[in-house]
Amino acid sequence: MNILEVAKKAGVSIATVSRVINKTAKVSEETQKRVLDAVRELGYLPNAMAKSLKTNSSLKLTGIICTDVTDFYYARALAALERELRKRGFETLLACTGNDIEMRHKAIYGMLDKSIGAIILVGSIFAEKNPEHIKHAASLVPVFIINGIVNVPNTYSVYCDDFKAMSFCCKALSDGRRKNFLYIYDSDSYSGLQKLKGFMSTTEKSGIKTLILKCEKHSPVAEIESDIIKALQSNPSTDAVIASEDYLAAIAQNCVAKSGKRTPDDVAVIGYNNSLLAEISNPTLTSLDNNIDKICVKTVENLNRVLNGEKAPITEAVDFELIRRESF
């Protein structure tokens with residue numbers, strides 16, 4: 001049982017439930033009654049965080065929430081976070097929510113019920129437009145977001161500037177005399193949209209011909225291949241492919257070969273995240289390294305500072321690098 005379910009039962013916002021329980025602001029008698037009735041009916045016991053923040057045991061327990069532990073990017077981030085937290089004596093709780101937004105919210109409130117000292121949200125998918133759940137969490141514990149920015153007090157972010165990084169990829173291709181680009185992506189997350197904007201802005205200014213293909217995340221590989229081959233056939237003059245993820249770029253390389261063309265002679269290919277896939281692809285894949293390991297190290301350093309009462313940057317950008325291999 002968590003505060004989200006109480007709010008739904010009472011027909012009020014999470015912030016209102018928090019105000020009633022913690023008595024931090026005036027609430028009408030009618031609203032207060034609805035909230036307290038819901039609390040009693042559901043058997044909700046508010047978490048003890050406000051009372052336990054001063055204890056070392058609660059501060060040393062960190063909640064980590066991600067959407068998909070099987071994703072190369074998230075798995076790498078989780079490994080780096082756990083390693084850095086362990087070095088500093090932190091214990092961790094992990095929740096994997098899938099892509100359902102309600103499950104993400106429930107995971108956050110579930111973590112708060114376990115008297116954690118901080119929450120780390122892995123991925124820009126948590127950078128939502130109306131983050132009421134993050135506001136509530138940040139009113140109790142510091143919240144740290146990997147590669148996403150949310151304008152909420154007590155929320156901290158370390159990120160790669162995906163707009164600039166994608167723009168850098170486009171400029172590298174255009175400097176290499178490529179003039180007709182296919183861009184492939186699969187996510188409308190904060191990071192995904194920044195990459196798309198970087199691609200569109202840079203190619204428009206350069207007068208480069210473009211085709212943009214969105215693939216559904218977690219679609220079967222055969223479906224993605226079919227869509228990419230159709231895109232290549234519809235624009236046979238394509239001489240460069242940029243993908244928002246390495247796995248999309250790896251699939252694109254296969255599609256280039258199936259279309260009777262060669263990489264990089266006929267079509268250059270650039271991926272994103274510099275994952276293991278980039279190293280084992282054939283040909284090996286040029287990829288934008290957004291330094292997820294460095295993002296995680298800095299996140300844990302900032303978390304440690306905040307819990308020790310020290311100042312930490314609200315937002316902090318890390319550098320990026322294009323790792324050149326055989327595909328470009």
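The table for this structure:
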item: Matching residues, the range 193-223, being modelled with pLDDT of 95 or more and of a type in the set (G, A, S); result: G198, S201, A222
item: First in the range 114-138 and in contact (Cβ under 8 Å) with a residue 12 or more places away in the chain, second anywhere and surrounded by fewer than 23 Cβ atoms within 10 Å (Cβ to Cβ) and among the charged types (D, E, K, R), Cβ under 8 Å, 6 or more apart; result: G117/K60; I125/R104; F126/R104; H133/R104; I134/E128
item: Only listed residue being more than 30 Å from G271 (Cβ to Cβ) and of a type in the set (S, T, Y), chosen from Y74, Y109; result: Y109
item: The one condition in (1) modelled with pLDDT of 90 or more; (2) surrounded by 17 or more Cβ atoms within 10 Å (Cβ to Cβ); (3) not in a helix (DSSP H, G or I) that A77 fails to fulfil; result: (3)
item: Condition met for E316 (in contact with a helix residue (DSSP H, G or I) (Cβ under 9 Å, 6 or more places away or on another chain) and either not aromatic (F, W, Y) or not in a helix (DSSP H, G or I) (or both)); result: yes
item: Filtered residues of the range 96-135 (kept if under 25 Å from N291 (Cβ atoms) and of a type in the set (A, V, I, L, M)); result: A118, I119, I120, L121, V122, I125, A127, I134
item: Residues within the range 245-277 that are in a helix (DSSP H, G or I) and either free of Cβ contacts under 8 Å to residues at least 24 places away in the same chain or more than 20 Å from the chain's Cα centre (by Cα) (or both), tallied; result: 9
item: Unique residue being farther than 22 Å from G192 by Cα and surrounded by fewer than 24 Cβ atoms within 10 Å (Cβ to Cβ) when the list is S219, S237; result: S237
item: Residues of the range 258-284 satisfying the condition of being of a type in the set (A, V, I, L, M) and in contact with a Lys or Arg (Cβ under 7 Å, 6 or more places away or on another chain); result: V267, A268, A278
item: Residues located in the range 51-74, provided they are modelled with pLDDT of 85 or more and either among the charged types (D, E, K, R) or not assigned by TED's automatic domain parsing to the domain that holds I145 (or both); result: D68, D71
item: Options D188, D161, D175; residue that is charged (D, E, K, R) and closer than 30 Å to G309 by Cα; result: D161
item: Candidate set: the range 33-48, residues that are surrounded by 13 or more Cβ atoms within 10 Å (Cβ to Cβ) and either part of a loop (DSSP other than H, G, I, E, B) or in contact with a strand residue (DSSP E or B) (Cβ under 6 Å, 6 or more places away or on another chain) (or both); chosen: the one modelled with the highest pLDDT; result: Y44
item: Residues (under 18 Å from the mean Cα position of the chain (by Cα), part of a helix (DSSP H, G or I) and modelled with pLDDT of 95 or more) located in the range 135-188; result: D162, F163, K164, A165, M166
item: In the range 294-313, the residues that are surrounded by 17 or more Cβ atoms within 10 Å (Cβ to Cβ) and either assigned to a loop (DSSP other than H, G, I, E, B) or of a type outside the set (S, T, Y) (or both); result: I295, C296, V297, K298, V300, N302, L303, N304, V306, L307, A312
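The values are calculated or read from the model by the stated rules, or taken from the named source; none is laboratory data. Keep in mind the model is a prediction, meaning the values are calculated, not measured. When we count neighbours, we look across all protein chains shown, and the Cβ atoms used for this are built from the backbone with ideal geometry, even at glycine.
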